[in-house]
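> One structure, pasted below without further comment.
Every number in this text was worked out from the coordinates using simple rules, so none of it is lab data. Source: prediction; values computed, not measured. When we count neighbours, we look across all protein chains shown, and the Cβ atoms used for this are built from the backbone with ideal geometry, even at glycine.
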């Protein structure tokens, strides 16, 4: 059941992203947030301001993040591509070759970066590509199957 | 003389456009047989136009701006060792592959940030994502389609483009009239016989027949006469199709004008786009004279797909 996040819930989600990636909460002042089980959705404020009774709704806005068992918050690939430019911490810079591997959905070993284990933002030059999971120097790509590059 | 298109054009289709266009029909049929140039629209929700142009040109692509747009380009060359769809820029959702004519309806509608808009037959989402960018991800777009598999494509494209201001609905477009929402702008890019898409796929005319055209005309009238009830006073509705059949175009608009005296047809003028006036009569039927303000876009006029666009406004 989709429900609008209240102020406290909103601060908890955005606070977790600010702590992990440096995304200031004010960046999201013009947006609304909804949640259904572990999925968090972002939408324009106007999506929540109108009487939408009578519409057979499939989705509202864009999938923003998923909330894990330990309340960690994992932003989606699409959200990183939109808001990644605000990242100040836990970001991993890839080379061109590593980028190809990452976009194919494959793991990359031997990562040395100023980032702690857990969710990391992946960047190549000026492009924010998506999310990875860093574990003891190994980066696991989190690019969804439908978005992966098929041909190497 | 007509050998090159006899294989994929039904006889009645050929006869119809010989009658509508006269000697010019020869050029029309020739263009219907020619392949289309690939087009892209830069997704300004994520990146600037200059940035994408610079990056693609650096990779060896040659781009030419489509005259009636600010952010869309024809791709002039193929490259043997790379495909546009395999570029990082495509993965990142920095551009959308969209035919040049299909960009016209949102440009005529001009949705603004903070407005309330509905895209009645939205899938797979080229016009929805275009409007979301025009609205800078602000306001509300209700993007509707009744078909589950087409909705899947719509949702994928909205996500990839990063569209935050969209509510996706799955319902009969005519039933939007039963909702409580009133819209500043309505886009009805109606299901149609798709004659104008024959350059992309010659099979587009395989199921074409005068009966199909008639049946679609009935559906289109039903959709238009219902969704117009959700248009605010002073609001704009763009009715468009990718077909050239008058029954699906001017006849549908004429039916609306007969039913609604508070609707007027405004002129469609986009700089750099050649259009023709709407047809005021066809096959024994005379249409409302306002349909001359409708815009017909023939494939040979702008080297594009065929299209039809009408701009309607609700007066006091």
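> Expressed as a rounded percentage, what relative contact order does chain B have, with Cα pairs under 8 Å and six or more residues apart?
Working: 636 pairs, mean separation 56.0, N = 316.
Reported as a whole number, the value is 18 percent.
> Given the alpha-carbon gyration tensor of region B:28-124, what are the semi-axes of its equivalent ellipsoid in whole angstrom, ordered largest first, with each equal to the square root of 5 times an eigenvalue? Could you put the intermediate results ahead of the total?
On the way: eigenvalues 115, 77, 30 Å².
Equivalent ellipsoid of region B:28-124: 24, 20, 12 Å, largest first.
> Restricting to chain B, compute how many DSSP beta bridges are antiparallel as a %, nearest 5. Don't skip to the end; give the middle numbers.
Details: 28 of 45 bridges.
So the antiparallel bridges in chain B amount to around 60 percent.
> Something else now. Shielding of B:134-145 by partners, i.e. mean partner chain Cβ atoms within 10 Å per residue?
What the average comes to for B:134-145 is 4.
> Turning to a different aspect of this structure: In what sequence, highest mean first, do B:34-40, B:134-140 appear when ranked by Cβ atoms within 10 angstrom?
Working: B:34-40: 17.0, B:134-140: 21.4.
Highest to lowest by the protection proxy: B:134-140, B:34-40.
> Largest first and in whole Å, give the semi-axes of chain A's equivalent ellipsoid, each being the square root of 5 times a Cα gyration tensor eigenvalue.
Values: eigenvalues 173, 60, 35 Å².
Gyration-tensor ellipsoid for chain A: 29, 17, 13 Å.
> Next up: Can you give me the relative contact order of region A:1-118 as a percent, contacts being Cα pairs under 8 Å and 6 or more apart? Could the numbers behind the result be given before it?
Numbers: 124 pairs, mean separation 25.1, N = 118.
Dividing the mean separation by the residue count of region A:1-118 yields 21 percent.
> Same structure, new question: What average number of partner chain Cβ atoms lie no more than 10 Å from the Cβ of the residues making up B:46-59? Don't jump to the answer; show the numbers that get you there.
On the way: counts 5, 3, 0, 0, 0, 1, 0, 0, 0, 2, 0, 0, 0, 0.
Counting other chains' Cβ atoms within 10 Å and averaging over B:46-59 gives 1.
> Given the protein assembly as shown, what percent of its DSSP beta bridges are antiparallel, to the nearest 5? Intermediate results must be reported in sequence, preceding the final value.
Numbers: 58 of 78 bridges.
Roughly 75 percent of the DSSP beta bridges within the protein assembly as shown come out antiparallel.
> Quick one: if the Förster radius is 35 Å, what FRET efficiency do residue A:24 and residue B:180 give, using the C-beta to C-beta distance and rounding to 0.05? Before the final figure, lay out the partial values.
Values: r = 36 Å, r/R0 = 1.03.
Given R0 = 35 Å and the Cβ-Cβ separation, E is 0.45.
> Hey, got the Cα dimensions of region B:169-217 along the principal axes, in Å, largest first?
41, 22, 18
> Two decimals, Cα atoms only, Kirkwood Rh: what is Rg/Rh over region B:161-316? Let's see the in-between values first.
Values: Rg = 15.7 Å, Rh = 16.3 Å.
A ratio of 0.96.
> Can you give the FRET efficiency for residue B:150 and residue B:83, using 1/(1 + (r/R0)^6), R0 = 25 Å, r = Cβ-Cβ distance, to the nearest 0.05? Show your work: numbers first, answer last.
Values: r = 24 Å, r/R0 = 0.97.
That gives a FRET efficiency of 0.55.
> Then there is this: Please work out the Cα convex hull volume for region B:128-182 and give it in Å³ per residue.
Values: hull volume 4.0 nm³, N = 55.
Here the figure is 73 Å³ per residue.
> Using Stokes-Einstein with the Kirkwood hydrodynamic radius over Cα pairs, what translational diffusion coefficient do you get for the protein assembly as shown at 20 °C and a viscosity of 1.002 mPa s, in µm²/s rounded to a whole number?
Values: Rh = 23.8 Å.
Estimated via Stokes-Einstein, D reaches 90 µm²/s.
> Please state the relative contact order of region B:178-316 as a whole percent: Cα pairs under 8 Å, 6+ residues apart?
On the way: 270 pairs, mean separation 41.3, N = 139.
For region B:178-316, the relative contact order is 30 percent.
> Classify chain B as rounded, prolate or oblate from the Cα gyration tensor: take a ≥ b ≥ c as the square roots of its eigenvalues, call it rounded if a/c is under 1.5, otherwise prolate when a/b beats b/c and oblate if not.
Values: a/c = 1.73, a/b = 1.08, b/c = 1.59.
Taking the square roots of the gyration eigenvalues as a ≥ b ≥ c, chain B is oblate.
> Give me the inter-chain shielding for A:36-46: mean count of other chain Cβ atoms within 10 Å, whole number please. Don't skip to the answer; put the middle values down first.
Details: counts 0, 0, 0, 0, 0, 1, 2, 7, 15, 5, 11.
Average neighbour count from other chains, rounded to a whole number: 4.
> Using only Cα atoms and rounding to the nearest 10 degrees, what angle (0 to 90) does helix A:7-21 make with the longest principal axis of chain A?
10 degrees
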